[in-house]
Amino acid sequence: MNKRLLLLAAPLWILVAGIVGAPPARSEFLVQITRGQDTAIPIAIVPFAVPPGASTFDVAGLIAHDLDGSGRFKSMDRKDMIGEPHAGAEIAFDDWRRLNSDYILVGRLARPAPNAYDIVYELYNVLTRQRLLGYQVHTDSAGLRLASHQIADMVYQSITGIRGAFATHIAYVSVLGHVPHRTYQLVVADADGANPHVVMQSSQPLMSPAWSPHGRRIAYVSFEDHLPSIYVQVLKTGARRRVSATAGVNQAPAWSPDGRRLAVTLSDRSGNLDIYILDLATGGLTRVTHDPGIDTEAQWSKDGRSLYFTSDRDGGPQIFEKSLDAGGRPRRLTFEGSYNARPRLSPDESRLALVTREHGDYRIATLDLKHDGGMQVLTKGRFDVSPSFAPNGAEIIYATRSAGRGVLALVSTDGRVQQTLMSTVGEVQEPAWGPFQGND
Amino acid sequence: MNRSMTKVILLAGAMMLAACHGKSAVKEQPTAGAAVPANETSGPANGSGTTMNPLPGGAAGSVSALAEAANNAPIDTRTIYFDFDKSDIKPQYDDVIAAHAKTLSANPTLKIKLEGNTDERGTREYNIGLGERRAQAVRRALMLQGVADSQITTVSYGSERPAVEGDTEAAWSKNRRVDMVYLP
């Protein structure tokens, strides 16, 4: 078992405050890799050269942390390094080859102005001595963390062929205090848990954060009026709008791929939950399901033409799919076990992540949509819920419990690598992984 | 001896909380319901121990005074507990439902909010559905005994507002509940 502990100290800043004056979220995550991959690729990430008086931010350290956390890489311990090259010409390839390093990343920071940084980095294949990457990144001291994640993304993609997702964001709900005096916070943080910002805070429950397709807005459920309502909040400005507050249940918002509509769960006077589509511009509602059972937890297909959702119309909760074009009855997708709920679609639409119950324990599983490969249970916890795919599909973040507290965890989509993100404060729940940035 | 004293103190604390909240604004009401865990006499673990406490019925007085009196009634009559994954009301609560139905039908201006809750297991949004089902079960039971639809509102908190924290069946059994809250 590959077990390591890394402490990420998160600087405190508040990007946006909701209607309630929000104190900073003090959230530090301990990353604990509980299950590793034996086939991790060895890579040397040499500390970057830093000019005198510059920021002491450890760019190479964060890149190594990102790559190690993915489970696909194993970075060399700095104690084992046999030199500190900062450019390709300084690399003694034969020596690094003897240390069994397949790749080596070197780099250096320059400070052309008091608060400006140029990071030059190069990635080499140690065996072939071929340069795989060579770039210069311009940023400022506040941007060093993001730049480090972006370099990790480039390295990850260059070697694995899969787009890196280190420079993305997650949203989650943090619960502070104890019953009956709890505080609920909606938090947006870097994908590694650093830089947490409280975007909404309430003494009443907050639920179900959902990122808009381009990551500029978040929809969520708030009980701030002692009844559930759905809000849409613009992250940059903090401006928010109540988009659904019908009598009864207003839950489970899910964005359409075009960002113009939300699938939502509403109830009638008798308490029957069904799925509707809410047009955000007009407020118009279109009913999607018509069944006396609980229909909820909708998720759109990428073409916007069908919904996946949870329904207990056949008894216990199971996953169904309904076409929005053609009429007809929803198609049931899960048949193994008595409890399968909350589907989330992988970015390539090859599978659904869901919550399944096994012998009374709730676990994260994937359902193969393409080859009828059935279900694969990925986790071994007792309370594993709220799965959310990384935008590159390589990992799933989910909520679990550890030592009586709600924490976040990651599992690779193939189930081979698992990590726990231990927050040092509060209960953490309902993670939602945001989309890639800057692609809109 | 020690244990029962603790219970008395907890119960007194819970009643003070309830009294406090009875006088405060509507939005603080649900917290009184959350004080339920202090009571250990009527949870599902000890179903036969339910005590019957008559609620104020038919007496003249302002709605808010009635609501306050109802909220200050012994708290074990304001929460109904459910079995895992179930929303049917167990027979042991027949008298509780009857007492509330009698009070509400005798006082048509009185309003009650039924807050449905589940334990923490399972998915959060599906739990909202289960909590709503429980609240609706109590609503239907009250209406069957003559309470007007207009007197009842329901809300489901799913697993978002546990009465008791903890990953044990003892805690979960206190969280699978409908809290009945009289509105001033």
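The values are calculated or read from the model by the stated rules, or taken from the named source; none is laboratory data. Bear in mind that the values here come from a model prediction, so they are computed numbers and not experimental data. Every residue, glycine among them, receives a Cβ derived from its backbone with ideal geometry; neighbour counts consider all protein chains shown.
Taken as a whole, segment A:310-321 holds no residue that is surrounded by 19 or more Cβ atoms within 10 Å (Cβ to Cβ), more than 14 Å from chain B (Cβ to nearest Cβ), under 29 Å from the mean Cα position of the chain (by Cα) and modelled with pLDDT of 95 or more. Residue-level check: of (1) free of Cβ contacts under 8 Å to residues at least 24 places away in the same chain; (2) surrounded by 15 or more Cβ atoms within 10 Å (Cβ to Cβ), residue A:327 misses just (2).
Within segment A:242-252, does at least one residue satisfy the condition of being touching a residue at least 40 places away in the same chain (Cβ under 8 Å), within 11 Å of chain B (Cβ to nearest Cβ) and within 22 Å of residue A:211 (Cβ to Cβ)? Yes, segment A:242-252 has at least one match. Candidates A:356, A:366, A:413: the one that is surrounded by 15 or more Cβ atoms within 10 Å (Cβ to Cβ) and within 12 Å of another protein chain (Cβ to nearest Cβ) is A:356.
Picking from residues in segment B:103-141 that are within 11 Å of chain A (Cβ to nearest Cβ) and aliphatic (A, V, I, L, M), the one that is surrounded by the most Cβ atoms within 10 Å (Cβ to Cβ) is B:128. Whenever a residue of segment A:404-415 is in contact (Cβ under 8 Å) with a residue 24 or more places away in the chain, its partners that are of a type in the set (Asp, Glu), lying with C-beta atoms within less than 6 angstrom and at least six residues away or across chains, give the pairs A:406/A:427; A:410/A:395; A:412/A:395. If you go through segment A:216-238 and keep only what is under 14 Å from residue A:187 (Cα atoms), assigned to a loop (DSSP other than H, G, I, E, B) and not basic (Lys, Arg), you end up with A:235, A:238.
Checked against the criteria, residue A:117 counts as over 17 Å from residue A:157 (Cα atoms), aromatic (Phe, Trp, Tyr) and under 30 Å from the mean Cα position of the chain (by Cα). Condition check: of a type outside the set (Gly, Ala, Ser), surrounded by 20 or more Cβ atoms within 10 Å (Cβ to Cβ), within 27 Å of residue A:390 (Cβ to Cβ) and touching a strand residue (DSSP E or B) at 6+ places or on another chain (Cβ under 7 Å). Does residue A:117 satisfy that? For residue A:117, the condition - of a type outside the set (Gly, Ala, Ser), surrounded by 20 or more Cβ atoms within 10 Å (Cβ to Cβ), within 27 Å of residue A:390 (Cβ to Cβ) and touching a strand residue (DSSP E or B) at 6+ places or on another chain (Cβ under 7 Å) - is not met. Checked against (1) over 23 Å from the mean Cα position of the chain (by Cα); (2) at the interface with chain B (Cβ under 10 Å from one of its Cβ atoms); (3) in a strand (DSSP E or B), residue A:338 passes all but a single condition, namely (3).
Taking the residues in segment A:384-405 that are away from chain B (no Cβ under 14 Å) and of a type outside the set (Asp, Glu) as candidates, determine which candidate is surrounded by the fewest Cβ atoms within 10 Å (Cβ to Cβ).
A:393
Of the candidates A:211, A:255, the single residue that is aromatic (Phe, Trp, Tyr), assigned by TED's automatic domain parsing to the domain that holds residue A:341 and in contact (Cβ under 8 Å) with a residue 60 or more places away in the chain is A:211.
Restricting to segment B:142-170, name every residue that is out of contact with any strand residue (DSSP E or B) (no Cβ under 9 Å at 6 or more places or on another chain) and more than 10 Å from every other protein chain (Cβ to nearest Cβ).
Correct list: B:144, B:145, B:146, B:148, B:169, B:170.
So, residue A:428, is that one under 20 Å from residue A:66 (Cα atoms), in contact (Cβ under 8 Å) with a residue 12 or more places away in the chain and not in a loop (DSSP other than H, G, I, E, B) or not? No.
Run residue A:306 past the list (1) crowded, with 16+ Cβ neighbours inside 10 Å; (2) within 13 Å of chain B (Cβ to nearest Cβ) and report the number of the one that doesn't hold. All conditions are met except number (2).
Residue count for segment A:131-164 under the criterion of being within 14 Å of residue A:55 (Cα to Cα) and either of a type in the set (Gly, Ala, Ser) or surrounded by fewer than 16 Cβ atoms within 10 Å (Cβ to Cβ) (or both): the result is 6. Note on segment A:370-413: residues that are more than 18 Å from the chain's Cα centre (by Cα) and of a type outside the set (Phe, Trp, Tyr) amount to 15.
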